[in-house]
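Scroll down for the structure; my scribbles are underneath it.
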């Protein structure tokens, strides 16, 4: 069918969407969300409108206009696409069938080409979540996702990498681990993500110190020169399908593709030796040791099939790492620590995980010791070298890093010990303060688990760029207790009484 | 946040969608598909654009513009909606938890208010399909779906109704059953759907004879006067959630809500006695007797809880009903049959199902006999009465019904017996000919299962309104054999041989 194009001055979040008159669609036997081929060239998903699109007219969003370089009123030809293999594969997965590598390739290919509509993608993610993925499926997805993306072109026999499954705020481990590993002589081309809902992603933190949006060739040059890099992976199209799946997974709060997602990105940088950080405990993504063990076993075994040596470190994940949350504050803490002003839990985490990498790459029999030496003696220079090569100021000091000017300090109302520091509440509080968008917003945590607190000691200091966000955070604190301090627990076993709603304990 | 509105001259298929600048969204902590409340009044789903929407600007689709009566450049206030109960319920269903009636009510309420985004709806449908629905959930959904819609206001002690789970083309049973039942003195306010992908829905067929898009009050008047009606349910908002669920289920080819969907519509017309047609067999929705029995048991038992007496008829579903497919052809066949020119399988199906209704309503101990008498003696007058009351010509004759002028007849290439008539292939063929949009398009089936065929006997006649559709159907026939005629089966056990791809049998 030939149609006259009317471009809409609006994008469709990357999707190729064309809107037809309802009757034209019916004449072609098409319904909303069916697919057409435009000019025998581009697959597009249709919507229909009876009122706003005339017969034989088509409204196209910016994506289609740009790809086909269409002008207003230009004629296009559309043909219905009636059968669609990926759709059948998705249906099979919904019905509980294990998918073959070829089938996963077709799905991933269509995801990257934007040929699947949102309903199909959501159904696929939901089915993967409910039905689970077999080892064969995970490996098939990793291959398909790597093949449909770019790969870093770095020629080294050993390429080290590190990844955390996430979930713990304030985790600036990567910012120290990369310089430690790179200063050992190993190669570590680290790509990281930005935060979606968390207060900061590693790319957000590093961006405080230097540029993180580099082209593929620039990254290869940085790694060639310094053995390492710390860049945002999003600009590289390393596994574009993963980014597109995340766009569906994230609003649904479903994460069935944790392993393919992580390992496809490792494969895309040609990693040979990988340490995976699995933060575990109450308030972390992984709650129990047995869950952590199962996940680690899967990582190791799938790594083997993909020619990657993988080891996993299960780390204490029940409170934030170090004393800060928020891009600028965390970058400052990382810089302080690498300059010798240690946050000790951070140092232990960095040297433990770096140690694993140094051991599996045969750099050392006692990796943690070597890591600690490198951290103390060589990593700062290496960090500054990487900062410089990525386009930042190598002389940056912690004092150069600006922090939000609107502040509020929370003091303890009682003497006692810290028995809980809530990851979830602190992350939400940091979001309310403006993280990750407001980079100077964030939280300093003055007291952590087990520490002794005197009445009126500082517990938290909040930083915001904007007053109304500080006020919103203050309001949010009324329903929160991100740091719980108790004394004489044995005297206060009754914490609430109903119907009287008064809190007798914790918030007095 | 206050924003200036720019209305987009385009609808969003009924959804309330607002597009924000990406940075404004981030400032509010929002991501695509999150929800906002506009002017403390309307919940809307956001998309974001960095390029086409300026800071502090908002593009709204027609739905929002209309509901809030917005003008270009008008200021609106938006507030993020951060927690959303329905979303949590859906997540619980995904995780395999049975949902409570209250939770289903919240979901259905949000579906009707268009507060759930497509991803959430697709995830919900997929989860319902994979996890299944408990009896409690089915009943909860029916209640919620009925409560959120209109109900016909018909005051009779007994209200009969009929429904088919569908899947068999050419099924014009309802067009005869309604006049039969109404002429018995029982009340049967029948609402039907239009075809989505099938060649014809009952509303499409009836529309050939009379008007089917009536207002609620008009329908009540027709039923008051004639004891029956045959109208399109879509205009009535009887269970609007069902229609919205179907918009998601249909593109996914998932149908987890068969029972809530059917019974909520029966409840909305206050049906007290219902017969459910379950076509079964190879090529039907239900394949085996045990599946049919399970479905029937569920219908009966849930009906009991909802104060409906339900019986189910399992009918032979392995070939189309009667000899025609397509709205006009089927209306003509129905009219012919009611005038005494019987299609016998159709008559048997009508009288069997009507008989069940006459028995469960205590009209007769031998319902089928009574139904046959009513069909022969009274139903034509009743049909014409209903046609007239709904605004059609009561004197319409089969000859008045126009059929598509482009025709093609398919002849048998051999002598033998019909051993297969394919529902799926004939439905697809009818779609290719233009059904359901081209109402005069369709197929006459000259020979049915078990009939003897001589070489060159007519098997099918195809009708189209447009030549190119007839040609497309002819082309499609090259890969199809909708009617299979065989002779001396015992001599042709080898049907194909590979690598030589020649078909030795069936298509010679």
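Structure above, values below:
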quantity	calculated
Virtual spin-label span in nm between residue A:307 and residue B:397, 7 Å along Cα→Cβ	8.2
Values of log10 I(q)/I(0), in the order q = 0.16, 0.17, 0.19 Å⁻¹, for the stretch B:60-216 under a Debye, Cα-only, solvent-free model	-1.13, -1.17, -1.22
Ellipsoid equivalent to the stretch B:28-150 - semi-axes via the Cα gyration tensor, in Å	32, 16, 11
Distance histogram in 5 Å bins (all Cα pairs of the stretch B:100-186, percent per bin)	2, 11, 14, 16, 15, 15, 13, 10, 4, 0
Packing-based ranking, highest mean first, of B:360-373, A:53-66 given that Cβ atoms within 10 Å are counted	A:53-66, B:360-373
Relative contact order of the stretch B:406-491, defined on C-alpha pairs under 8 angstrom at six or more residues apart (%)	47
Estimated 222 nm signal from helices in chain A, with DSSP H stretches of n ≥ 4 weighted -39500 (n - 2.57), rounded to 500	-12000 deg cm²/dmol
Other-copy label distances relative to residue A:52, 7 angstrom Cα-Cβ extension, nm	1.0
Cα-based convex hull volume of the stretch A:406-491 per residue, rounded to whole Å³	84
Per-residue average of Cβ from other chains inside 10 Å of A:115-127	6
Mean-position separation - Cα centroids, the stretch A:85-154 and the stretch A:313-376, in angstrom	36
R0 of 22 Å, Cβ-Cβ distance residue A:282-residue A:411: FRET efficiency to nearest 0.05	0.30
Within 10 Å of each Cβ in A:434-445, the average number of Cβ atoms from other chains	1
Whole-number Å³ per residue for the convex hull built on Cα positions in chain B	191
Separation between Cα centres of the stretch A:463-482 and the stretch B:165-241, rounded to whole Å	58
Packing-based order for A:350-356, B:252-258, A:446-452, using average beta carbon neighbours within 10 Å, highest first	A:350-356, B:252-258, A:446-452
Per-pair calculated FRET efficiency, R0 = 56 Å: residue B:4 and residue A:156 via Cβ, rounded to 0.05	0.55
Stokes-Einstein translational diffusion, the stretch A:85-132 - Kirkwood Rh over all Cα pairs, 1.002 mPa s, 20 °C, in µm²/s	205
Among B:303-316, B:376-389, B:195-208, the order from most to least packed when residues are scored by Cβ within 10 Å on average	B:195-208, B:376-389, B:303-316
Sites residue A:215 and residue A:75, calculated FRET efficiency, Cβ-Cβ separation with R0 45 Å, nearest 0.05	0.75
Directionally averaged projected area (convex hull, Cα atoms, the stretch A:291-383), nm²	7.2
For the stretch B:320-462, the fraction of alpha-carbon pairs in successive 10 Å shells from zero, as %	11, 32, 34, 19, 4, 0
Peptide-level mean, for A:43-54, of C-beta atoms on other protein chains within 10 Å	2
Spin-label model distance (nm) - residue B:250 vs residue B:51, 7 Å beyond Cα toward Cβ	3.3
Hull-based mean projected area of the stretch A:2-81, where the convex hull spans the alpha carbons, in square nanometres	4.4
Computed lengthening from residue B:424 to residue B:366, 0.36 nm per intervening residue step minus Cα-Cα distance	17.4 nm
Gain in span if fully extended, residue A:448 to residue A:378, counting 0.36 nm per residue against the direct Cα distance	22.3 nm
Potential extension, residue A:135-residue A:481 segment - 0.36 nm per residue separation minus Cα distance	120.4 nm
Shape metrics for the stretch A:229-329, restricted to C-alpha atoms - Rg then Dmax, Å	14.9, 40
Convex hull per residue volume in Å³, alpha carbons only, for the protein assembly as shown	204
Shortest-first nm distances, residue A:471 label point to equivalent points in other copies (7 Å, Cα→Cβ)	7.1
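A short reminder: the numbers here are calculations on the coordinates, not readings from a lab. Model, not experiment: these values are computed from the prediction. Neighbour counts run over all protein chains shown; Cβ positions are idealised from the backbone, glycine included.
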